[in-house]
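Single-structure report; data block below.
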Amino acid sequence: MIITIGAGIAGLLLSRRVNADLVLEEQPIIGGVFASDNVFGVDLPYVLPIINDPMKIMNVGLNYIEYDLKISYRKYEYFKDKICKFCDKLPTWLNFDLTRKLYIIQNMPYFLATLSKNLRIVKEYPIRIDDKKIITNKGNVYKYTKIYNTGSLKKMSKLLGLDNSNLKHKSVLTLIILTRKEYGKNWNVYLSGDTADSFSVIIRLDNIIKDLDLYYVYSFIDANQKNIDIDRIMLDLKRRQIISLNEIVAFRSKLISEALLFGEINGKMPQNIINCGRLGEWKNYDVIETISRTQNC
Ligand SMILES: Cc1cc2nc3c(=O)[nH]c(=O)nc-3n(C[C@H](O)[C@H](O)[C@H](O)COP(=O)(O)OP(=O)(O)OC[C@H]3O[C@@H](n4cnc5c(N)ncnc54)[C@H](O)[C@@H]3O)c2cc1C
């Protein structure tokens, strides 16, 4: 039996390519980083899928909306280090210098739902793996011939007894905020390198839900920082006059623990366990790089 671990975009695409018999997913919903929630009848991914080269998604079934890119910078010279001091560079999706337009994938929830059709996905995760079988948190035992791991390399290497002490990460708290429409803002991307701001990236879209502004707010957090204070983020947004708190009509949050990844694994994986995708390879791939990896790994 061929088993895929993870039902993000990598796990779903890979499962189709290799005809996986089973997909294990630890979260209650599929989609990984791009899992979505329905707000006022619209499926909104918790993370906005931004791309910098729309030509590269044309033949995979994704489509996009294009906006003029209007960036407001605050202490931008500190932006990279504020987000991730120990990363060599920021991922492409945080590098707005690479593009002159804001391109956003429009149909990600539909794309993921379509990919997941006819796959056998169970909401379980491995707690033990030996050379023939996986035992999951629900006590099920699955015999395998090959595993495609698109889940956390950190967790996988721990299960296999490999040294994973070099694998490091930063977390992100993502907020989706819907407010009544406010006119007069001359930016749709706000980048703050100011350490006085708990948030670093804000993206504002004014045409997704009628009469409302949609904000995505990303705050990056050290992996060992337990206290994530949404109230502080809200107060910072108010203080910078980005959002008037009494105009908020809906709000969602999601913590992505292994968000920015750095460091490499010590030790060798067994031959019948293939790591793929951003978590599996522990690389900050963007969605285009991820799709390309699933065709090759
Ligand atoms: C905050 C953030 C914003 C991003 N924004 C953009 C963007 O705008 N544009 C862009 O191109 N790219 C962006 N990316 C990168 C993009 O999300 C990835 O390229 C893409 O989602 C990778 O897909 P994946 O399936 O490899 O990983 P993921 O989407 O992370 O999916 C991995 C899946 O594996 C599951 N899993 C993990 N461990 C286990 C386990 N042990 N057992 C079972 N299941 C497990 C997880 O629950 C998850 O569902 C962003 C990434 C982050 C973190």
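The values are calculated or read from the model by the stated rules, or taken from the named source; none is laboratory data. The structure presented is a predicted model; accordingly, all values stated were derived computationally and were not measured. In this analysis, Cβ positions are derived from the backbone assuming ideal geometry, glycine residues included, and neighbour counts consider all displayed protein chains. SASA here: full protein model, heavy atoms, side chains in, ligands and nucleic acids out. Shrake-Rupley method; radii C 1.70, N 1.55, O 1.52, S 1.80 Å.
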Compactness of the stretch 1-117, expressed as Rg and Dmax over alpha-carbon positions, Å: 16.7, 53
To the nearest 10 square angstrom, how much accessible area does Thr99 have with a 1.4 angstrom probe? 20 Å²
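Taking only protein heavy atoms and a 1.4 Å probe, what accessible area per residue, in Å², does the stretch 166-291 have with all protein chains in place?
45 Å²
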First compute the accessible area of the chain with a 1.4 Å probe, then give the percent of it belonging to carbon and sulfur atoms. 48 percent
Amide H to amide H, which residues 5 or more places from Asn107 or on other chains are under 5 Å from it, using H placed in the peptide plane? Asn63
What Kirkwood hydrodynamic radius, in Å, does the stretch 60-200 give when the mean of 1/r is taken over all pairs of distinct Cα atoms and then inverted? 19.7 Å
Tell me what the chain gives for mean residue ellipticity at 222 nm when only DSSP H runs of n ≥ 4 count, each as -39,500 (n - 2.57), the sum divided by the residue total, rounded to 500 deg cm²/dmol. -5000 deg cm²/dmol
quick note, the chain, DSSP beta bridge pairs, % antiparallel (nearest 5) is 75 percent
Please give the solvent-accessible surface of Lys181 in Å², to the nearest 10, using a probe radius of 1.4 Å with every protein chain present. 50 Å²
Identify the GluC sites (Glu not before Pro) of the stretch 246-291 meeting these criteria: DSSP loop state and at most 13 other C-beta atoms within 10 Å of the C-beta. Glu264
Arg180 - accessible surface, heavy atoms, 1.4 Å probe, Å² rounded to 10: 110 Å²
For the stretch 199-262, what does the equivalent ellipsoid look like in terms of its semi-axes, each the square root of 5 times an eigenvalue of the Cα gyration tensor, given largest first in whole Å? 24, 14, 10
In nm², what is the average projected area of the convex hull enclosing the Cα atoms of the chain? 15.5 nm²
Please list Tyr148, Tyr76 from largest to smallest accessible area, probe radius 1.4 Å, with all protein chains kept in place. Tyr76, Tyr148
Farthest toward positive dipole pole in the chain [+1 Lys/Arg, -1 Asp/Glu at C-beta], among Leu153, Ile203, Gly32: Leu153
Is the stretch 155-297 rounded, prolate or oblate when judged by the Cα gyration tensor, a ≥ b ≥ c being the square roots of its eigenvalues, rounded requiring a/c under 1.5 and prolate requiring a/b larger than b/c? prolate
Can you give the FRET efficiency for Gln106 and Met55, using 1/(1 + (r/R0)^6), R0 = 22 Å, r = Cβ-Cβ distance, to the nearest 0.05? 0.90
Computed over the stretch 39-156, protein heavy atoms only, probe 1.4 angstrom, the accessible area per residue in square angstrom equals 57 Å²
Over the stretch 93-135, with a single point scatterer placed on each C-alpha, what log10 of the ratio I(q)/I(0) does the Debye formula yield at q = 0.18, 0.24 1/Å? -0.77, -0.90
Any idea what the dipole of the chain comes to, in debye rounded to 20, about its Cα centre with Lys/Arg Cβ at +1 and Asp/Glu Cβ at -1? 500 debye
With +1 at each Lys and Arg Cβ and -1 at each Asp and Glu Cβ, the charge dipole magnitude of the stretch 196-257 around its Cα centre, to the nearest 20 debye, comes out at 100 debye
Whole-Hz Karplus couplings 3J(HN,Hα) for the stretch 31-41, θ = phi - 60° and coefficients 6.51, -1.76, 1.60, Gly and Pro as x, run x, x, 4, 9, 4, 10, 9, 8, 10, 6, x
